[in-house]
Each structure stands twice: as C-alpha cells, then as structure tokens.
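Chemist: A single structure is presented below for examination.
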Amino acid sequence: MKISIDDIKNSKNQSLKVDFNNFVKELDTSEPVTAEIVFSAYGSFINAKGKIVANVKLVCDRCLKNFVQKIEIDVDETYKLGSLKPASELHSGQEIELKDGDFITELSGADEVDVDDLIYQSVTLNIPNPCVCDINCIGDSEMEKYIKKEVSDPRLDVFKNIKIKKEGK
C-alpha cells in the first residue's frame, strides 16, 4: 500500500489517517497486520505516527518449536522530501541532539510513502532477541547435551561433610 504525498498535503490539516488491515508480503504472520497511522506534512517533512499490531510466527531459539508472538509497536517515523541536510539544519537553524530512535528517511524525489515497507521495518526491528516461546523454556531433550551441567570443584569436596557446631550446644 502506497500513500501519495500529494494526498497527505491536500488533506484537511495536512494529515491523513490510514487504517491498515492486511498481510505484509515479507512478514510471516498468523493473521493480517493491523495498523493505525497518521501521516502529517510539515513543510519538506512527512511524519508517520501510530500503532502497529502483528502476530508474527517465530521459531524458539531454545527448543526450536514454532510459536506466535504478538508484537505491538508505537511508530514515529519522519521522511524528508528531497535530500537530507546536516542534523544542525533540520529544524530551522536550531541545533538539536539526535537520540536513539531519531530516524529520518530520505524519499529522494519519490511521490509516495510505502506503508508496507514502514510496517515491515518496524516489526522486523522489534522482534525480540532471543526469540523464546516461554520464559521457562529450557529446550528439548536434544538440546540438553549443549546445556552446561553443574560441575563441582573436587578441591571443595572437603567442605561437604563439615559439621558446624553452634555455640551454647
């Protein structure tokens, strides 16, 4: 699904709300991805803000079983029409500090914003690492040979049979 930049700029208050309820080709999901995103035009910038919900099919890193993980993402993405300027020039000459999560995508003359790509990137970047089907998952019997067993130091065996005498007894 692609949204025309002209449609965003010509809509009321230069904001266009998009309700998305569809499968994204590149994502392996158990049901359609739902998203509610508001695209707003601010001069030479387009901002996409909203929420994405996807039930993604994953493989557990411990037991290798398939499971479905519900991923909810708050999206706040900025697109630049044309080429990017240095960070200090992005906001009317005011210097800004770029923080984690600040991300500006250059559209390079494109006249559309690809909603499928926005959703794909947002979901992919929010897949948990490691992917575990259950917090208590220790894997299957095949994986046991790779799990480190508790090994005691033979030099400490002398302390196993110590009897501690409490005072007064």
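Chemist: What distance in nm separates the simple spin-label points at Thr78 and Met1, each placed 7 Å from Cα in the Cβ direction?
Modeler: 2.5 nm
Chemist: What pairs from Lys17/Lys57; Lys25/Lys57; Lys57/Lys80; Lys25/Lys80; Lys2/Lys51 go past 22 Å between their alpha carbons?
Modeler: The pairs that break the limit, which is 22 Å between Cα atoms, are Lys17/Lys57; Lys57/Lys80; Lys25/Lys80.
Chemist: Separation between the Val38 and Lys163 pseudo-spin-labels, each 7 Å from Cα along Cα→Cβ, expressed in nm?
Modeler: Going by the 7 Å Cα→Cβ label model, 7.6 nm.
Chemist: For Ser11, Ser122, what ranking results if the residue with the fewest other Cβ atoms within 10 Å of its Cβ goes first?
Modeler: Placing the least packed residue first, the sequence is Ser11, Ser122.
Chemist: Contour minus end-to-end for Ser30 and Asn10, with contour as 0.36 nm per residue of separation and end-to-end as the Cα-Cα distance?
Modeler: Extra length from Ser30 to Asn10 when fully extended: 3.6 nm.
Quick note: the coordinates plus some simple rules give every number you see, no bench work behind them. Computed from a prediction, not measured in an experiment: that's the story for all the values here. Reconstructed Cβ throughout: ideal geometry from the backbone, glycine too, with neighbour counts over all protein chains shown.
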